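Here is the structure we will look at.
The values are calculated or read from the model by the stated rules, or taken from the named source; none is laboratory data. Just so it is clear, the structure is predicted and the values come from calculations on it, not from any experiment. Cβ sites come from the backbone with ideal geometry, for glycine too, and all protein chains shown count toward neighbours. For the accessible areas, the whole protein counts, side chains as well, though only heavy atoms, and no ligand, DNA or RNA atoms are used. Shrake-Rupley method; radii C 1.70, N 1.55, O 1.52, S 1.80 Å.
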Amino acid sequence: MTRSFLLRLASLVVVLVLLWSAALRQPVLEAAATLPAIRLRAATFTPQAGERPALPQAWQAHASSTRALIQLAGPIRPEWVTALQQHGVQIDSYIPDFAFKVRIDSAARQALDQLPFVRWVGPLLPGYKLAPETLALPQALYHVVFNTGADSKQLRTRLEQAHIPFFNLSERGVIIKASAQAELLHVAELDAVDWIEPLVIPQKLGSGALDFEGGVVLKAQVARDRGYTGAGEIIGVTDTGLSTGITSTVHPDLPASRIRAIRDWPAHDEPLDVGGILMPCLTAYPDGPQDVSSGHGTHVAFSAVGGGGADGQGRGVAPGAQLYFQAVEDYMTAESLCSSLLTNGYYLMGIPTDNIFDVFYQAASGGARIHSNSWGGAVNGEYTDQSRQVDEYAWLLKSRLVVFAAGNAGVDSDGDGYVDLDSLNAPGTAKNTITVGGTENDRQGHYECDQTIGSCLGSNDDFSYGYAWPDEFPAAPISSDSTRGNIEQLAAFSSRGPTDDGRIKPDLVAPATWVLSGYSDMYQFGWDATPNPQDGEWQYPGVRDPFDQYYKYMFGTSMATPLVAGAAALVRNFYGVHHGLSAGQISAALVKATLINTADDLLDENNDGINDNALPIPNPHEGWGRVNLDRATNGRQLFWQSSGVATGASETHQITATNGLQALKATLVWADPPGDTAAATQLVNDLDLTVTAPDGTVYHGNVFSGGWSQSGGSADRLNNVENVYVQNPMDGVWTVTVSGYNVPFNSGAPNPFALVVDPVPGAGLPTATPTPTATPSTTPTGTPMTATPTSTPTNATSTPSATPTGTPMTATPTGTPTKTTSTPSATPTGTPMTATPTSTPPTATPTTTTATTYTMYLPNIVNNYGSLGLRPRQQ
C-alpha cells in the first residue's frame, strides 16, 4: 500500500465519518422539539438539544454552589427518587418537565453523572428566582421567600449592608423595598433566597328577607329537606371581624352555641430597617375581632352558617354547622418612608404574608374541615407564594377543604361588550382550592329594604353594570345588562380564568349580586348614636339600602365563596349520614369532585341576554358550572376514594349502563403537592382519567367540545381536576381508569385521589354496578358508592368616605374607589328523593322614608405587581 493511497483512504474515512455524524445529528435536531424542556417562568429551554436560558448575562452570574436543577429521563419513577436521595441529593421541589430543584454538594454532583436516568444537571441561576415582568417594575415592595433552613440573622446582615430597606423579617421570608434591578439581583444571588415576587395586599372581595341565593339558586333547601343541614361540621372563616367580636352578642340569628370560636389575628407595627436603622413605617391600632368598617366578615360568615330571620331571610347554606372565625383586619397608618405606599385605613394586616398555613392550621385544630376565604390580591392569574402555601396545607391535610374567592377584577378593557379573561386573584390560583366565581342572583322580586332608614321606598332599585361602572363596562351587551334576575349569567365583575399556566379556574360559581346576609351590629348609620371613633365613618350599609338592622345586601365573589363553603358542609354531611363515613374518611378531593360532577352548566356565560350556552363547560368564566345541591345529595352517584397510583400504575372500575342514559359523567380530583413559584406550570403529580365505552371508544379527561367529551385528543398535563362527560352513552359495560403518568413527589408513594361517577338517568334509573379492578401495584381503598350528579366585589352602598381594606404590603394607597348610586363496603342504590322549598318570602311593609345618599363601590383592587392600583368602580 502506497503512502498516497493511505492518505486517500484516510480522507475517505474522515468524509464518511463526517457524513455519518451529520446523518445521526439530523434526526436529533429534528426531534429537539419533542425533547423534555425545563419550563420556568423566567425561561423555557431544552438542555438535551443544547439550549440555554435566554436571560440577561448579569442574571446568569453568581450561580448557586449548593442548589441545582436535575432533569431526569422521563416520567419520574419511585426508584429514581430513592437513588437520588441515596446519593445525597435533597429534593426541594418539582420543575416541569421531569426535573427537580435540589440541594447538592460537589461529591453528589459527580456521582450523578453515573446514574443512567439523569439527563442533565445545571446550576440554579439568580435569574430563575424572578418572573421576567418583575424586572421591568419601578420601585416597589417585594416579598422575598427563603429556602427551608435559611439563616434569617445572616440575611438581615446582608440586607443591612446593602442598605436595602426591609421589614417583616421571619424565618420564611422578608418584605423589601427595591428601587433598582441591581438591588433585586443582589438579593436573588443569595443562596438562601428561593423566590422574589411583587408584594400584593390581600383585599376583601365582597361588597347576599329570604333564602334565595343558597336555598333556591343552589338548591340547598332540597338538601336540607333531606336532613343535610351541615350538622356536625365546622366551617372556618378568615375575614375582617365578626360583629361585636363577643360570642354572646354577635347576632340574634347566630347563637353562641353555634360559634365554635372567635380568634383575633392582630396587626403589628412594622418599622422599616434601613441599613440597620429602624424608621417608622406602618403603625397598627388593633381593636380586637369586632367588625367595624365594612361588615364584610359578618356578612360572609352568615352566608355560610347563618340561621336566618323569622321568614328565612339571610339564612346561610349550612344553618346546622358551627363557625370558627378568625379576625384579621385592623386600622393602619403609614409614616415616614412608607407614607407614599399606603393611605391610612383598615387593612387585612393580620394575615401573615409568609405563613398563612398557620391561620388554616389553627382553624383545623379547632375542628374546621372547611375553610372559607373571601379575600385575595389581584395578580391576573399568577401562582404566588401564598398560592403555594395554600396548596401545601391542602396537600398535607387532605381532609381539609379550602375555598377561595376568584376576585372582582372582571372588566371589559377593550370595549367589545364582553368581559376579558385572565383576572384571577391569588391565592385563588392555587390548585387544591375550590376557587369560586360569581353569578347574578335572582331573588324573585324580593329586594325589600327598611323604609325607616335611608332612601328606601319599599324595594331596592335595580341597575346595570354599565350604569354602576361605565369605565369597566363601556359597551353592550354587558353595559346594559342588569345586575340581577338571571342566574344563568356571570356577574360582570367576577374574575375570569384561566390561570397563567392554563389551568381551568374558577372551579365553580354561585350567586354574587344582591346577596342578603348578616349586618354587623357596629356603628350602623340610623341605628347607632355615633360613627366609628377610629376614622369617623359609619359601617358600610351594603348595596343600596339594608333589609333591616340585621341584614344587608352585598355584591362580590366574597359573597359567593361562603355559599360554596356552606354547600361543601352539606356534602360532607351527606357522605356522613347517607354513606356512614366518618369525618376523617371524607377527603377534600371527594367533596370537590362531588360539587364539580353535579354542577349545572350556565346558559349565558357571555351575558349577551341569550340562554344559548355559547360557552359550554369547562370554560374560564364559570369553570365547571353552578353548584347544585339537589344533585349533589340525591344519593345516585358512585364514588371511590383511593390510596392512589404511582408512575406507570393504574386503577380500573367498571360501570354497567342500562335503560338509555342521558349522560355519563365522571370527575377525578386529587390533592397535588405544592408547585414551585419559579416553574412555568404548576402540576406536580400528574394523573390521567380515561373512560372507555363498550365499543372501545376512549375518552380522555378534559377533552371537550360543545360541552361534551370527545374521543381522541391527548391527556391533560395541567390540571388536577379531570372530567369526562359523555352524552347519550350506549348501554353496556363502561371502564373508568385512573393512571399515574408522572408522580415525582410523595417519596415514591402513590398519589391518593377521589373519583365520582354519575350515570344521569334518561328513560329510567340505570343499574350502575361498579366493579373495581386494580392493576398490579395499586389497590383501591374506597368502595364504590352511589350518590348523584346532576371575592367578592364588595359592591355596596357606603356612607360618606369609603374605608380602605386589604392587607398592606404593596406600593400604593388602598382607598376605596366610590361611585354613586375508608368507605363502607356496601353499595347503596338510594333513589333520589324530591323536596320542595317550603319558605315563601313575605313582602316588607313600607313605613317612613328618610332621604339619605349612599354610594356604591367595589373594594379597591391591588394591581398585578403590588402597586395598589385603584379601580374606580363608581356609579
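Just how much of Met730 is accessible, in Å², when a 1.4 Å probe is used and the result is rounded to the nearest 10?
80 Å²
List, largest first, the extents of the alpha carbons of region 423-503 along their principal axes, each in whole Å.
If we take the Cα atoms of region 423-503, the spans are 50, 29, 23 Å.
Could you check how much of the accessible area of region 516-584 is carbon and sulfur, as a whole percent, using a 1.4 Å probe? Can you show the working numbers first?
On the way: 860 of 1690 Å².
Reported share for carbon and sulfur atoms: 51 percent.
Let me know the shape class of region 142-207, please: from the alpha-carbon gyration tensor, a ≥ b ≥ c as square roots of the eigenvalues, rounded when a/c is under 1.5, otherwise prolate if a/b is greater than b/c, or oblate.
Working: a/c = 2.08, a/b = 1.55, b/c = 1.34.
Prolate, because a/c is 1.5 or more and a/b exceeds b/c.
Starting from the amide H of Asp92, placed 1.01 Å from N in the peptide plane, find each other amide H under 5 Å away whose residue is 5 or more places distant or on another chain.
So Asp92 has HN proximity to Lys101, Val102, Arg103.
How large, in percent, is the carbon and sulfur part of the accessible surface of region 197-333 at a probe radius of 1.4 Å? Intermediate results must be reported in sequence, preceding the final value.
On the way: 1870 of 3510 Å².
Percent of accessible area from carbon and sulfur atoms in region 197-333: 53.
Going 7 Å from the Cα of Ala58 along its beta-carbon direction, which residues of region 165-188 have the amide nitrogen within less than 17 Å of the resulting point?
Within reach of a label on Ala58: 178-188.
What are the equivalent ellipsoid semi-axes of region 361-400, built from the alpha-carbon gyration tensor (square roots of five times its eigenvalues), in whole angstrom, biggest first? List each step's numbers first, then the result.
Values: eigenvalues 94, 29, 10 Å².
Taking √(5λ) for each Cα gyration eigenvalue gives 22, 12, 7 Å.
What accessible area, in Å² to the nearest ten, does a 1.4 Å probe give for Arg109?
Roll a 1.4 Å probe over it and Arg109 shows about 90 Å².
Which ³J(HN,Hα) values, rounded to whole Hz and listed in residue order, are derived for region 447-462 from phi using the Karplus coefficients 6.51, -1.76 and 1.60 in 6.51 cos²θ - 1.76 cosθ + 1.60 with θ = phi - 60°, glycine and proline given as x?
Running phi through 6.51 cos²θ - 1.76 cosθ + 1.60 with θ = phi - 60° gives 10, 4, 9, 7, 6, 7, 9, x, 10, 5, 10, x, 8, 6, 6, 8 Hz.
Please list the non-local residues whose amide H lies under 5 Å from the amide H of Asn344, H modeled 1.01 Å from N, same-chain partners needing a gap of 5 or more.
Ala334
Please check which bits of region 66-93 a label hung off Ala715 would reach, taking the label as a point 7 Å along Cα-to-C-beta and the cut-off as backbone N under 13 Å.
Label zone hits: 74-77.
For a distance above 17 Å, tell me the whole-number percent of Cα pairs in region 332-393 that qualify. Spell out each step's value before the answer.
On the way: 1044 of 1891 pairs.
The calculated P(r) of region 332-393 puts 55 percent of pairs beyond 17 Å.
Using only protein heavy atoms and a 1.4 Å probe, report how much of Val411 is accessible, in Å² to the nearest 10.
Val411 exposes around 30 Å² with every protein chain in place.
What are the residues whose amide H is under 5 Å from the amide H of Leu401, where those residues sit 5 or more places off or on another chain and H is modelled from the backbone?
Hits under the 5 Å cutoff: Ile370, His371.
Dipole of region 28-132, Cα-centred, from +1 at each Lys and Arg C-beta and -1 at each Asp and Glu C-beta, to the nearest 20 debye? Let's see the in-between values first.
Numbers: 10 positive and 7 negative charges, 60 e Å.
Around 280 debye, computed over region 28-132.
Got a sec to turn the phi values of region 99-114 into Karplus ³J(HN,Hα) couplings, 6.51 cos²θ - 1.76 cosθ + 1.60 with θ = phi - 60°, whole Hz, x for Gly and Pro?
The phi angles translate into 10, 10, 8, 9, 9, 7, 9, 5, 5, 5, 4, 5, 5, 5, 5, 8 Hz.
Computed from the mean reciprocal separation of all distinct C-alpha pairs, what Kirkwood hydrodynamic radius does region 437-558 have, in Å? All intermediate terms of the calculation are to be shown ahead of the outcome.
Details: mean 1/r = 0.0626 Å⁻¹.
It works out to 16.0 Å.
Can you compute the FRET efficiency between Asn613 and Val733 using 1/(1 + (r/R0)^6), with r the Cβ-Cβ distance and R0 = 25 Å? Round to the nearest 0.05. Mind showing how you got there, number by number?
Working: r = 31 Å, r/R0 = 1.24.
Given R0 = 25 Å and the Cβ-Cβ separation, E is 0.20.
Keeping the other protein chains in place, figure out the carbon and sulfur percent of the accessible area of region 637-716, with a 1.4 Å probe. Don't jump to the answer; show the numbers that get you there.
On the way: 850 of 1960 Å².
Percent of accessible area from carbon and sulfur atoms in region 637-716: 44.
If you take the beta carbon distance between Ser179 and Leu35 as r and set R0 to 51 Å, what does 1/(1 + (r/R0)^6) give as a FRET efficiency, to the nearest 0.05?
Working: r = 41 Å, r/R0 = 0.80.
Given R0 = 51 Å and the Cβ-Cβ separation, E is 0.80.
Report the label-to-label distance for Ala231 and Gln549 in nanometres (one decimal), using points 7 Å from each Cα along the Cα→Cβ vector.
3.2 nm
With r as the distance between the Cβ atoms of Ala73 and Val698 and R0 = 35 Å, compute the FRET efficiency 1/(1 + (r/R0)^6) and round to 0.05. Walk me through the numbers before you get to the answer.
Working: r = 27 Å, r/R0 = 0.77.
Efficiency, from the Cβ-Cβ distance: 0.85.
Keeping every protein chain present and rolling a 1.4 Å probe, give me the accessible area per residue for region 440-507 in Å². Working shown, then result.
Working: 1990 Å² over 68 residues.
Value for region 440-507: 29 Å² per residue.
How much area per residue is accessible in region 147-278 when the probe is 1.4 Å and only protein heavy atoms are counted (Å²)?
Values: 4730 Å² over 132 residues.
That works out to 36 Å² for each residue.
So which lysines can Lys153 reach, going by Cα to Cα under 22 Å and dropping same-chain residues fewer than 8 places off?
Cα-Cα hits under 22 Å: Lys129, Lys177.
Hey, if we sort His251, His700 by accessible area with the 1.4 Å probe, largest down, what's the order? Walk me through the numbers on the way to the answer.
On the way: His251 15, His700 50 Å².
Putting His251, His700 in descending order of accessible area: His700, His251.
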